[in-house]
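For reference, the structure discussed in these notes is given below.
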Amino acid sequence: MWIPEGIVLLAAIIILLTGLRLKNAKLLAGLARFSLLLTMLATILIKTYSWKHHLDTLISELWFMDHIAFVMKLTIEITAWFVLGLGVHYTQHEDIGSGEYYALTLFAVLGMLIVASAAHFMVLFVGLELFSLAIYALVASQCHISIGIEAAIKYFVTGALASGLLLYGISLIYGATGQLAFVPLMQDLGVIANGHSLLISFGVICILVGVAFKLGVAPFHMWVPDIYEGAPLSVMLWIATTAKIAAFAILVRLLWNVLAPLGSIWQPLVQFLALLSILVGNTAAIAQSNFQRMLAYSSIAHMGYLLLAVQLNTESAWSVALFYMLSYVIGTLTAVAVILLLQHKHAHIKQINDLCGLHQRHPWLAFILLLAMFSLAGVPPLLGFMAKWQIVQMLIEQQQIGYAITAMLLTIVGAYYYLRIIKVIYFDDLQPLDPAKPNIYPPALLAVQPTASIMAALCGGSLLFLGIFPAQLLQFCLQVF
Amino acid sequence: MIGLSHYLSVSAIIFSISILGLMINHRNLITLLMCIELMLLAVSTNFIAFARYLHQPAGEVFVFLILAVAAAESAIGLAILVLWFRQHHSVDVEQLNRLKG
């Protein structure tokens, strides 16, 4: 039952030990990606085995083996595989210590897998800290760059604050009920849902604030843009995709598997967080000139839409939230993949204006970036549109028309900054980076990277394909909850 | 007689102090690390008080996990701090101002 986690742990330890002596980054990357492939295989095999033999979905009150755990694990593994593959060249060129980088990323993946299966507060806490601590260290992995260290300090302090609040909430809930395991705790909470004490409501609020910090939702979003900007690009991709899936897994476990009976306490709060982050994310992103900061605000807005589905607290709403999460992850992965491919040793792409005239030099990359931007903005034939449409439809079904209209209007505001990037790529002229060196244009390729290019094309293609044929994926998401 | 509510009040006070420290501290990065430790200790006090009150070992076991994680956390925090100190030769919070926008 613990084979996927075991493989990741073993690979992380092997890479940690051999990485000390072995300086061949390609070999280490290959090992890490191979171990992730094995993990995916093991996850699928275990799921089919336990499904065939009707094994219990709960192991000794500590470990879930249900559909949610399976989907979360598989998504985390696939995304991690893509992120590793896309970042190979960048990590080599940017002088990020290769042994540590791959060992730490695998430890982070291990923590995320543990979180996805947690059925007990202790397991959840250990998994959460395992992946958070690994990512703090990853953010600081370029130890000669000042903004990287600054981002690491900020991430560390807010992350620690978030886990402190989460733990405080857990301790209050534990004191009120005497339970730490999710299944008996949820039964107890169902009994006392109507006459709950002050202790429980305060505990729920603390837990919610802690998770909101981890998800990066307004008003707990101050750290997100700084960390996105300061972290090395490949690490930023980890924070923007896999860590967000893991935070969503924590949200599912806590709100759906534990606190669902107490919906009357947290639903209004989640509504508030959702609307505020859609507003803050979409409006603040307009003012950004840095690409990574813009993506950060875009992620805040997307988490807001996600919470808009979550606050309904029904099975189908959670499925739609999962669908939305997948669309966000694929969209962000595609956008950052293109930027990663374009990083040049002498010309870093940091500002949006650095992408001027990308279409003239790399029409295919420009097209993939266009797909990503359209999908994130929610333009019809793409996956992002289907996801937003599902959420709005769900809101209208539940008679929350006001929220649906607000979300739609703010989506139009948000479309502005996505479309601006497309304008820059397609309609602006190339500008040399430095007037003295007219030959070096910013959108230059780091090196020809066939694997990473295929991966980027795959992500972009899946945005289009899943946008036109979303039924299968949606059906799959609906069966999870 | 010291009861459960006294322990809870103490831990609530310590927890508030640590959060206040994180919010209003504008001097020293070491103080931030101390506040984080203080926060985890307040939570541990809560767990032990509840475990005694409910006559359960589970809460006490949780405290061991928290202690272990707190040690790992401060190790990473200090390591990042050392990197910062090597570049700037100070532990001033005010200097954390390059990322803005």
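The values are calculated or read from the model by the stated rules, or taken from the named source; none is laboratory data. Please read these numbers as outputs of a predicted model, since none were measured by experiment. Glycine gets a Cβ as well: all are built from the backbone with ideal geometry, and neighbour counts include every protein chain shown.
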Are any of the residues in the stretch A:454-468 surrounded by fewer than 13 Cβ atoms within 10 Å (Cβ to Cβ) and modelled with pLDDT under 85? no
Reported set for the stretch A:70-99 where residues are over 16 Å from the mean Cα position of the chain (by Cα) and within 25 Å of A:F481 (Cβ to Cβ) is A:F70
Restricting the first residue to the stretch A:453-481 and requiring it to be hydroxyl-bearing (S, T, Y), which pairs with a second residue that is assigned to a helix (DSSP H, G or I) meet a Cβ separation below 8 Å and a spacing of at least six or different chains? A:S453/A:L341; A:S462/A:I330; A:S462/A:L383
Subset of the stretch B:8-37, residues more than 10 Å from chain A (Cβ to nearest Cβ) and in a helix (DSSP H, G or I), comes to B:S9, B:V10, B:I13, B:I14, B:S16, B:I17, B:L20, B:G21, B:I24, B:I30, B:T31, B:M34
Condition broken by A:V211, with the remaining ones in (1) facing another protein chain (nearest Cβ under 9 Å); (2) at pLDDT 90 or above satisfied: (1)
Within the group A:I422, A:I368, which residue is over 21 Å from A:A301 (Cβ atoms) and surrounded by 15 or more Cβ atoms within 10 Å (Cβ to Cβ)? A:I368
Name the residues in the stretch A:154-212 that are buried (at least 18 other Cβ atoms within 10 Å of the Cβ) and either among the hydroxyl-bearing types (S, T, Y) or in contact with a Lys or Arg (Cβ under 9 Å, 6 or more places away or on another chain) (or both), would you? A:Y155, A:T158, A:G159, A:A162, A:S163, A:L166, A:Y168, A:S171, A:Y174, A:T177, A:F182
Count of residues meeting criterion [over 15 Å from B:I76 (Cβ atoms) and either in contact with a strand residue (DSSP E or B) (Cβ under 7 Å, 6 or more places away or on another chain) or of a type in the set (D, E, K, R) (or both)] in the stretch B:21-40: 1
Counting just the residues of the stretch A:135-148 that are assigned to a helix (DSSP H, G or I), at pLDDT below 90 and within 7 Å of chain B (Cβ to nearest Cβ), which one comes out farthest from B:V82 (Cα to Cα)? A:I147
Against the condition without any contact (Cβ under 8 Å) to a residue 40 or more places away in the chain, more than 8 Å from every other protein chain (Cβ to nearest Cβ) and either more than 20 Å from A:M112 (Cα to Cα) or within 18 Å of the chain's Cα centre (by Cα) (or both), how does A:I192 come out, does it pass? yes
Subset of the stretch A:115-127 (residues that are more than 9 Å from chain B (Cβ to nearest Cβ) and touching a strand residue (DSSP E or B) at 6+ places or on another chain (Cβ under 9 Å)): A:A116, A:S117, A:A118, A:A119, A:H120, A:V123, A:L124, A:G127
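Is it true that A:A317 is assigned to a helix (DSSP H, G or I), surrounded by fewer than 24 Cβ atoms within 10 Å (Cβ to Cβ) and in contact (Cβ under 8 Å) with a residue 12 or more places away in the chain?
On the way: assigned to a helix (DSSP H, G or I): yes; surrounded by fewer than 24 Cβ atoms within 10 Å (Cβ to Cβ): yes; in contact (Cβ under 8 Å) with a residue 12 or more places away in the chain: yes.
It is true that A:A317 is assigned to a helix (DSSP H, G or I), surrounded by fewer than 24 Cβ atoms within 10 Å (Cβ to Cβ) and in contact (Cβ under 8 Å) with a residue 12 or more places away in the chain.
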Residues of the stretch B:38-87 being among the polar types (S, T, N, Q), more than 28 Å from A:E150 (Cβ to Cβ) and facing chain A (nearest Cβ under 7 Å), in sequence order, are B:N46, B:Q56
Under 7 Å between Cβ atoms, at least 6 apart or on separate chains: pull out the pairs that start in the stretch A:245-264 with a residue that is over 19 Å from A:V329 (Cβ atoms) and end on any residue that is assigned to a loop (DSSP other than H, G, I, E, B). A:A260/A:N313; A:P261/A:A193; A:L262/A:A193; A:L262/A:H196; A:G263/A:N313
